[in-house]
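Following: one structure in structure tokens, then a few remarks.
The values are calculated or read from the model by the stated rules, or taken from the named source; none is laboratory data. Remember, it's a predicted structure, so these values are computed and weren't measured experimentally. As a convention, Cβ positions derive from the backbone with ideal geometry for all residues, glycine included, and neighbour counts pool all protein chains shown. Quick note on the areas: whole protein, heavy atoms, side chains included, nothing else; ligands and nucleic acids left out. Shrake-Rupley method; radii C 1.70, N 1.55, O 1.52, S 1.80 Å.
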Amino acid sequence: MTAIEAIGYELPAERTPGRTWSDRLAPLWANKLAVVGGVITLFFLIVAAAGLAVMVVPGWSDLYVDQRLRQTLVWPLQDGFVLGTDNHGRSLAWRIAAGTAVSLFIGVVVTLLSMTLGMILGAVAGYAGGAVDRLISGMIDLVWGFPVILVAVIFVGLVDPGLTAVILAVSVVNWAGFARIVRAQVLSLKERAFVEAARALGVPGWKIVLRHLVPNMLGTALVMGSYYIAVTVIAEAGLSFIGLGAQPPTPSLGQMIADGRNFLYGNPWAALLPGITIALIVLGLNTLGDGLRDIFDPRLRRW
Amino acid sequence: MTRTVAYRSLYALVILLIASFAVFYGMRLAPGDVADVLASHPTGQLTAERVREDLGLNKPILVQYATYMGKLLRGDLGLSLINGQPILTILESSAGYTLKLAAVAALLSLIMSIPLGLLGAWKRNSSFDQGTMLIAVLGMGIPNFFLAILLIQVFAVWLKWLPVAGYETPQHIIMPAIALAAEAMAINLRVVRSSVLEQLGLDYVRTLHAKGVSDQRILWLHVLRNALPPIVALAGVLMRTLLGYTLIVETIFRWPGLGYQLVNAVLKRDYTVAQTLAILLTAAVILFNLLADLGQQWADPRTRRQAGAG
């Protein structure tokens, strides 16, 4: 018995050199929030996949565009319609699936666009400092927190109502959210020893940013990404709701609510179900984001 | 402090100039030439060339912008392209409605969130705390336009307590105000709670306790004051968001405010109205930014010196 064992001190377990994926995912499983959010999000990804299928596979589109004039505003679980039909007798279940596909597609595209732009500009501002930083920070101040809807209205003036206007408007505002956080992180990371060491070895600035700083921020990016997809889904639905977003025949959850609101007396589910879908998608993404935040970066708060 | 106010105001002015130019330029690029639209008007015998001349559309864009802003500042807002109504009239009738709605919503969100967040933090993890957190999660997850539909379904369609849409009676403001306030309330609730929780763990609270100061006094006087800076900082962001949401909520409830008019103008391609209303709303957003900035410095004296030097 060695002295250390005698006093009851446990030697730290040796680190196995190659961690398996189950090791890496262990903290994720231990985090209930992340699991619940992940399951909800996964469910809607499957729904979206089904929606995408009926939209792109030739012949399947009948499922969500076919109008049945004798079966309008059917309540859920009647006449063989799981979720009922809308005022044109179209299957709500398939329309919701297609709308979910559109919503998540827009959410992911916008988030990837604004994340890429925001991370690059934020990292450059934080790393370069000086005049470059002042210019980029000024741009961030200009758009950060600006009402997306107001920007979208301006873009709709530019390119006609539609999803292009939505993508442009939300990206123009959202990149600043990423850029702010990334800039702040780079500012603190660049003073760390490993960056200093790389600089001392003569590694060029762009390479330090790409190889040493960006990988350190991937956790943050993932957390913020899930929040921003949720924000984008809400913005798209809101704009489509007031007629500035997706235009018929593109199915959109926001537009379905707007159509359904005129028939609240007939079949409220035509408006309620798409709304519940949006709320659940957002809830899933936000919960997933909260869980990921607890895992990757407990200090990062949403506001 | 005077220097800070001057510096911040100047900065806000520069941002306003850039933003308003962006809106102005954006509307110029819009599909469909305004001159063609006007010239095709059935009543007029105008040619597109003549209209361009009249509106100054053949001058350089910066000159057009300067002329437009000059008129705007003198209160000459021009006419609607669609019905020839003076934009000033539209503005006068709608601004009051938006202000009223936004003020009621802002007040509602503050009155709800501050006491609930404070008490939730005080009785941490109690069922009261968990209940308020559930409200916060729901408030953030349910989009305002869907909340509006839910409210209409319950209070107008089923219970018939409130009118579906419109603006004539005081009851008309209840549902739009709730729909508008919900998200701001939820976010505020979370921030108040976490900010108060942070304060409750600090030494001065224990000291006050040891001195025999009552719990209520500690909470409402000392802790709330120290927990203010993040709340005030957030209030600015929330006001901007609220202003953006008026576009949606006013449209749903046919509340004849600026947002409703702007959305209508955009949908009808009434560029002169859309442009002026968009610039004015942008100005309001920037003004809120400025106020939030200054408000935060008032709430947190520690940031004053630093910002003045910046």
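The table below gives the values:
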| read-out | value |
| --- | --- |
| Residue selected from segment B:149-163 under the condition more than 9 Å from chain A (Cβ to nearest Cβ) and in contact with a helix residue (DSSP H, G or I) (Cβ under 7 Å, 6 or more places away or on another chain), by the criterion surrounded by the most Cβ atoms within 10 Å (Cβ to Cβ) | B:L151 |
| Which numbered condition A:S114 fails, given (1) within 14 Å of chain B (Cβ to nearest Cβ); (2) buried (at least 21 other Cβ atoms within 10 Å of the Cβ) | (1) |
| Within segment A:51-67, considering residues that are aliphatic (A, V, I, L, M) and surrounded by fewer than 19 Cβ atoms within 10 Å (Cβ to Cβ), the one modelled with the lowest pLDDT | A:V65 |
| Considering residues of segment B:74-94 that are open to solvent by less than 30 Å² (accessible area, probe 1.4 Å) and in a helix (DSSP H, G or I) only, the residue farthest from B:A274 (Cα to Cα) | B:S94 |
| Odd one out for A:P248, checked against (1) at pLDDT 85 or above; (2) more than 13 Å from every other protein chain (Cβ to nearest Cβ) | (1) |
| Matching residues in segment B:229-286 - criterion: being free of Cβ contacts under 8 Å to residues at least 24 places away in the same chain, facing chain A (nearest Cβ under 8 Å) and closer than 17 Å to B:T89 by Cβ | B:L262 |
| Segment A:165-195, subset assigned to a helix (DSSP H, G or I) and among the basic types (K, R), residue farthest from B:I248 (Cα to Cα) | A:R183 |
| Scan of segment A:145-164 for residues that are more than 7 Å from chain B (Cβ to nearest Cβ) and not in a helix (DSSP H, G or I), ordered by number | A:P161, A:G162 |
| In segment B:165-175, residue surrounded by the most Cβ atoms within 10 Å (Cβ to Cβ) [restricted to those that are free of Cβ contacts under 8 Å to residues at least 60 places away in the same chain and part of a loop (DSSP other than H, G, I, E, B)] | B:T169 |
| The lone exception for B:N125 - which of (1) within 14 Å of chain A (Cβ to nearest Cβ); (2) open to solvent by 70 Å² or more (accessible area, probe 1.4 Å) it fails | (1) |
| Selection within segment B:287-303 - within 13 Å of chain A (Cβ to nearest Cβ) and farther than 30 Å from B:P256 by Cα | B:D293 |
| Contacts under 8 angstrom Cβ, first residue in segment B:80-106 being more than 19 Å from B:A283 (Cβ to Cβ), partner of a type in the set (D, E) and not in a helix (DSSP H, G or I), 6 or more apart | B:S80/B:D270; B:L81/B:D270; B:I82/B:D270 |
| Unmet criterion (only one of (1) closer than 29 Å to B:Q153 by Cβ; (2) in contact (Cβ under 8 Å) with a residue 60 or more places away in the chain; (3) touching a Gly at 6+ places or on another chain (Cβ under 7 Å)) for A:S226 | (1) |
| Wholly enclosed helices (runs of 4 or more DSSP H) of segment A:196-300 bearing at least 3 residues within 27 Å of A:D66 (Cβ to Cβ) and open to solvent by 30 Å² or more (accessible area, probe 1.4 Å) | A:269-296 |
| Segment B:218-241, residues that are more than 30 Å from A:I149 (Cα to Cα) and in contact with a helix residue (DSSP H, G or I) (Cβ under 8 Å, 6 or more places away or on another chain) | B:I218, B:L219, B:W220, B:H222, B:V223, B:L224, B:N226, B:A227 |
| Segment A:280-295 residues that are within 9 Å of chain B (Cβ to nearest Cβ), paired with ones that are charged (D, E, K, R) and not in a helix (DSSP H, G or I) (beta carbon under 9 Å, 6 or more apart) | A:N286/A:R302 |
| Answer from A:R90, A:R70, A:R95 - the residue that is of a type outside the set (F, W, Y) and open to solvent by 60 Å² or more (accessible area, probe 1.4 Å) | A:R70 |
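Condition check ((1) modelled with pLDDT of 90 or more; (2) open to solvent by 30 Å² or more (accessible area, probe 1.4 Å); (3) in contact with a helix residue (DSSP H, G or I) (Cβ under 7 Å, 6 or more places away or on another chain)) across all residues:
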site: A:V143; (1), (2), (3): no, no, yes
site: A:V148; (1), (2), (3): no, no, yes
site: A:F155; (1), (2), (3): no, yes, yes
site: A:G162; (1), (2), (3): no, no, no
